[in-house]
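The values are calculated or read from the model by the stated rules, or taken from the named source; none is laboratory data. Only a predicted model underlies this, so the values are computations on that prediction, with no experimental measurement involved. A quick note on method: Cβ atoms are made from the backbone with ideal geometry, for glycine too, and the neighbour counts reach across all protein chains shown. With ligands, DNA and RNA removed, areas are computed over all heavy atoms of the protein, side chains included. Shrake-Rupley method; radii C 1.70, N 1.55, O 1.52, S 1.80 Å.
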Amino acid sequence: MRIFSGSDVYECSYDTSEWYKYDDIKLPYEEKIPTYSESIRKKKASGKTGIYLNYVNGKPGRIENHIEFLKQHGMNSFVIDLKDDFGKVRYSGQDLADLLEKAHDAGLYVIGRVVVFKDEQMYRKDNFKYAVKNKNDGKPWENGREYWVDPFCSEVWDYNIGLAMDFQTSGVDEIQFDYVRFPIGDDANKADYGVDLSTYGREQCLSDFFAYVQKRLHAKGIIFGADLFGTVIGSDIDRDKT
């Protein structure tokens with residue numbers, strides 16, 4: 001459910017327990033220094049099995065049941081929405097600290113999911129500055145309830161990388177970047193990215209993004225992976241070719 005009040009947009013959460021306001025992103029995003037070395041993180045990342053949880057299932061009163069389920073079935077990790085499909089940062093500050101304390105006390109490895117290019121928060125930021133545009137009229141392009149930001153935009157890259165660094169510093173064990181792709185569908189050919197795709201195409205854009213992530217995060221010892229529409233990309237695979 002969504003309500004428009006003047007220039008403000010509010011949406012109800014999945015479980016109808018809260019309302020939140022869009023356009024609360026503060027840019028540029030301040031980077032923090034990670035706390036663990038690369039060698040330690042690689043060792044911690046090996047041999048992990050687990051489940052995915054959205055932010056609702058990570059709340060107190062629910063996360064305990066999932067932790068018990070994981071332990072009963074011999075699993076040792078879970079993926080949790082930290083920045084979800086709407087661009088909402090679901091865990092920060094004390095809420096994230098409490099979640100991590102419970103998980104780590106149970107010996108679990110926490111993978112933070114960060115949705116990258118599908119982001120309604122950033123889509124609406126600064127009068128749709130970062131939104132993909134419609135090539136027919138120049139207005140923000142949208143596809144149903146999917147709101148996409150410009151994958152070519154360096155500020156979009158830096159914002160998501162900054163969040164990843166912040167989450168890592170807070171104690172998250174690994175980052176999973178999701179929706180690292182371009183929008184698809186019948187209307188996707190109407191999307192305008194402000195570049196000549198014949199000279200700088202989608203594949204090159206994503207390749208450059210991954211190379212940039214690799215440079216920024218690997219240098220600081222942050223373990224990460226990425227979902228590229230069904231393809232899992234590890235941070236330690238063919239590093240020279242990334």
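Taking a quarter of the surface of the Cα convex hull of segment 34-96 gives a mean projected area of 5.4 nm². Here the scattering of segment 37-154 is modelled by Debye summation over its C-alpha atoms, one equal scatterer each and no solvent; at q = 0.11, 0.16, 0.17 Å⁻¹ the log10 of I(q)/I(0) is -0.49, -0.82, -0.87.
For segment 95-162, the average shadow cast by the Cα convex hull is 6.2 nm², which is a quarter of the hull's surface. Alpha-carbon geometry of segment 87-226: the Rg and the Dmax are 16.5, 54 Å, given in that order. A 1.4 Å probe run over segment 36-143, with the rest of the protein chains in place, finds 47 Å² accessible per residue. The D137 and V56 beta-carbon pair, evaluated with R₀ = 35 Å, returns a calculated FRET efficiency of approximately 0.40. The orientation-averaged projection of the convex hull spanning the C-alpha atoms of segment 127-184 amounts to 5.1 square nanometres. One decimal place: the segment D192-M75 gains 37.8 nm when fully extended, by the rule 0.36 nm per residue minus the C-alpha distance. Derived scalar couplings between HN and Hα for segment 159-166 equal 4, 5, 5, x, 4, 4, 5, 4 Hz in order, rounded to whole Hz, by the Karplus curve 6.51 cos²θ - 1.76 cosθ + 1.60 (θ = phi - 60°), x for Gly and Pro.
The stretch between Q214 and R145 holds 21.8 nm of extra length on full extension. This uses 0.36 nm per residue minus the Cα-Cα distance.
Our note on the geometry: Cα centres of segment 53-117 and segment 173-205, 28 Å apart.
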